[in-house]
Protein chains: 2
Amino acid sequence: MDKKVDTRSRILDIAEAAVLEKGFEATSIEEIVAGAEISRGGFFYHFKDKNALARAMLERYIEVENALYDDLFARARELNDDPLHCMLIGLKLLAELLEEMPAGHPGCVIASTAYQDRLFDQGVRDLNRQAILGWRKRFRGMFEDIADVYEPREPVNMDALGDMVSGVVEGGLVLQRALGEHNNASEQIMLFRTYLKLLFSPR
Amino acid sequence: MDKKVDTRSRILDIAEAAVLEKGFEATSIEEIVAGAEISRGGFFYHFKDKNALARAMLERYIEVENALYDDLFARARELNDDPLHCMLIGLKLLAELLEEMPAGHPGCVIASTAYQDRLFDQGVRDLNRQAILGWRKRFRGMFEDIADVYEPREPVNMDALGDMVSGVVEGGLVLQRALGEHNNASEQIMLFRTYLKLLFSPR
DNA sequence: TGTCAACTGGACTCGCAGTACAGTCAGGAC
DNA sequence: GTCCTGACTGTACTGCGAGTCCAGTTGACA
């Protein structure tokens with residue numbers, strides 16, 4: 001156990017779990033240092049204040065999420081070259097992934113920070129914003145590739161459709177969290193998948 | 001200005017605005033009493049603690065939201081008796097309503113409490129849960145009426161479809177809040193409307 | 001005139017964020 | 001072998017906000 005190397009990561013792990021469980025403000029530095037088995041001084045050595053912690057958490061989360069999407073749709077593309085089917089397979093994989101998580105998805109840091117955003121500085125809010133804009137761009141591109149092959153049955157705003165992926169996931173996670181159920185997010189994704197099938201179905 | 005009658009409501013008004021702007025924990029009793037022009041003692045006369053405030057806020061919010069939906073779909077029904085068109089008109093009205101709000105929708109208390117739920121006691125969480133289940137039932141009923149007339153083009157889980165109304169609104173509000181844009185929620189609703197048009201279109 | 005609800009105002013405790021800083025300790029540079 | 005540095009520990013402090021306690025005020029109504 002090389003303590004030095006990963007104390008920072010350990011802090012982030014503990015903090016992320018706690019924040020997703022009960023929110024940022026409700027998570028005390030006291031319990032983080034207890035969980036990570038370090039002293040308060042040690043915490044402030046790594047993070048200037050709680051804001052710096054929030055920023056680091058968001059950065060890491062966004063990276064992981066992006067890698068996850070990359071991997072998911074790369075696997076989907078291997079299974080089918082057609083852009084529509086690639087998207088449908090990718091969403092199915094995403095839904096399965098959300099469902100497999102035993103205690104339910106930990107919940108999305110994005111929404112969590114969005115609803116407490118005055119706690120954070122501009123840097124954190126910008127990070128949040130950039131992440132969502134990145135996903136908009138990613139999915140918008142994929143939908144445009146689909147539209148090149150399958151003309152949409154109804155006119156849709158491609159930016160908004162791109163946002164809908166994020167929105168459906170975020171919304172599903174809010175429901176899941178509030179209801180204490182475990183599969184709402186994956187069900188919502190499957191419904192969105194049906195939407196795409198209808199929207200891009202050949203006439 | 002009959003101060004006595006509505007001090008409680010005034011506290012709730014101030015608190016709701018503050019909580020929606022920056023989250024529950026970040027809202028201090030200090031600023032609430034300053035805004036409502038009462039003393040700290042006066043606040044605790046009306047609310048045992050912050051939890052009681054949260055509960056009262058949620059109760060009021062849910063009532064308002066339900067009344068809003070009642071009104072919206074009643075007006076839609078006046079315009080068209082057909083269940084599908086009634087739903088489509090209602091969603092259009094909802095989208096317009098969200099867009100008209102000058103500074104954007106204040107954001108949904110449901111999501112806000114969902115992401116900070118360990119701060120609240122069981123009563124508050126149950127209230128939150130019951131509200132969402134109520135909306136599920138409401139919209140599920142409407143979708144079943146539609147399905148009686150228009151057979152869905154693809155099989156869908158009616159509970160999940162009912163949840164999708166709440167989910168799309170919540171998700172849209174998260175995006176709106178995080179992006180600092182103002183019409184994401186209404187755009188998402190309009191996309192969902194297109195979904196329904198495709199799903200229930202006659203063959 | 002007395003009662004009561006709706007407060008005001010102030011003093012207090014407690015927990016948490018953040019600051020400051022002095023000291024420890026292991027591992028590599030030289 | 002010593003020196004230096006990065007990664008901490010430990011303690012003591014300030015300041016803020018939640019929540020408690022309570023004594024006193026005020027205006028309406030019986």
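The values are calculated or read from the model by the stated rules, or taken from the named source; none is laboratory data. Predicted model only: the values in this text are computed from it and were never measured. FYI the Cβ positions are ideal-geometry reconstructions off the backbone, even for glycines, and counts take in every protein chain you see. Calculation scope for accessible area: heavy atoms of the full protein, side chains included, ligands and nucleic acids excluded. Shrake-Rupley method; radii C 1.70, N 1.55, O 1.52, S 1.80 Å.
Of all residues in region B:133-168, those satisfying the criterion of being in contact with a Gly (Cβ under 8 Å, 6 or more places away or on another chain) and basic (Lys, Arg) are B:ARG136, B:LYS137, B:ARG138, B:ARG140. B:ILE38 meets each of the listed conditions (1) outside any helix (DSSP H, G or I); (2) more than 17 Å from B:ASP6 (Cα to Cα); (3) more than 8 Å from DNA strand D (Cβ to nearest atom) apart from (2). In region A:110-122, the residues that are closer than 18 Å to B:PRO106 by Cβ form Cβ pairs under 6 Å with partners that are assigned to a loop (DSSP other than H, G, I, E, B) and open to solvent by 10 Å² or more (accessible area, probe 1.4 Å), at six or more places apart or across chains, as follows: A:GLN116/A:PHE24; A:ARG118/B:ALA26; A:LEU119/B:ALA26.
Going by the conditions given, is A:ALA74 away from DNA strand D (no atom under 16 Å from the Cβ), open to solvent by 20 Å² or more (accessible area, probe 1.4 Å) and among the small types (Gly, Ala, Ser)?
Details: away from DNA strand D (no atom under 16 Å from the Cβ): yes; open to solvent by 20 Å² or more (accessible area, probe 1.4 Å): yes; among the small types (Gly, Ala, Ser): yes.
Taking the combined requirement at face value, the residue satisfies it.
To keep it simple, each residue is scored yes or no on (1) under 30 Å from A:THR27 (Cα atoms); (2) touching a residue at least 24 places away in the same chain (Cβ under 8 Å); (3) among the hydrophobic types (A, V, I, L, M, F, W, C); (4) not in a helix (DSSP H, G or I).
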| residue | (1), (2), (3), (4) |
| --- | --- |
| B:TYR45 | yes, no, no, no |
| B:ARG60 | yes, yes, no, no |
| B:ASP81 | no, no, no, yes |
| B:ILE89 | no, no, yes, no |
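Looking at A:ILE11, A:ILE38, which is the one that is touching a Leu at 6+ places or on another chain (Cβ under 8 Å), at pLDDT 90 or above, of a type in the set (Val, Ile, Thr) and not assigned by TED's automatic domain parsing to the domain that holds A:ALA185? The conditions single out A:ILE11.
Hey, does region B:45-53 have a residue that's within 13 Å of DNA strand D (Cβ to nearest atom) and within 14 Å of another protein chain (Cβ to nearest Cβ)? Before the answer, list the steps.
Filtering region B:45-53 down to residues within 13 Å of DNA strand D (Cβ to nearest atom) leaves B:45-53.
So of that shortlist, the ones also within 14 Å of another protein chain (Cβ to nearest Cβ) come out as B:50-51.
Yes: region B:45-53 contains one or more residues that are within 13 Å of DNA strand D (Cβ to nearest atom) and within 14 Å of another protein chain (Cβ to nearest Cβ).
Residue check: is A:VAL174 more than 9 Å from every other protein chain (Cβ to nearest Cβ), crowded, with 22+ Cβ neighbours inside 10 Å, under 19 Å from A:LEU98 (Cα atoms) and not small (Gly, Ala, Ser)? I'd like the intermediate steps shown before the answer.
Working: more than 9 Å from every other protein chain (Cβ to nearest Cβ): no; crowded, with 22+ Cβ neighbours inside 10 Å: yes; under 19 Å from A:LEU98 (Cα atoms): yes; not small (Gly, Ala, Ser): yes.
Taking the combined requirement at face value, the residue does not satisfy it.
Of the numbered criteria (1) open to solvent by 80 Å² or more (accessible area, probe 1.4 Å); (2) in contact (Cβ under 8 Å) with a residue 24 or more places away in the chain; (3) away from DNA strand C (no atom under 16 Å from the Cβ); (4) of a type in the set (Lys, Arg), the one A:ARG10 fails is (1). Here B:ARG193 passes the criteria (1) out of contact with any Gly (no Cβ under 8 Å at 6 or more places or on another chain); (2) not in a helix (DSSP H, G or I) except the one numbered (2).
I'm trying to understand the selection: among the residues of region B:91-116, which are assigned to a helix (DSSP H, G or I) and crowded, with 21+ Cβ neighbours inside 10 Å? Write out each step before concluding.
Of region B:91-116, the ones assigned to a helix (DSSP H, G or I) are B:91-100, B:109-114.
Selection gives B:LEU91, B:LEU94, B:ALA95, B:LEU98, B:VAL109, B:ILE110, B:ALA111, B:SER112, B:THR113, B:ALA114.
Residue by residue through region A:23-68, note down the ones that are of a type in the set (D, E, K, R) and either out of contact with any helix residue (DSSP H, G or I) (no Cβ under 6 Å at 6 or more places or on another chain) or surrounded by fewer than 17 Cβ atoms within 10 Å (Cβ to Cβ) (or both). Result: A:GLU25, A:GLU30, A:GLU31, A:GLU37, A:ARG40, A:LYS48, A:ASP49, A:LYS50, A:GLU59, A:ARG60, A:GLU63, A:GLU65. Checked against (1) within 14 Å of chain B (Cβ to nearest Cβ); (2) among the aliphatic types (A, V, I, L, M); (3) assigned to a helix (DSSP H, G or I), A:ALA26 passes all but condition (3). Residues that are open to solvent by 10 Å² or more (accessible area, probe 1.4 Å), more than 7 Å from chain A (Cβ to nearest Cβ) and within 28 Å of B:PRO106 (Cβ to Cβ) within region B:181-203 comprise B:GLU181, B:HIS182, B:ASN183, B:MET190, B:ARG193, listed in sequence order.
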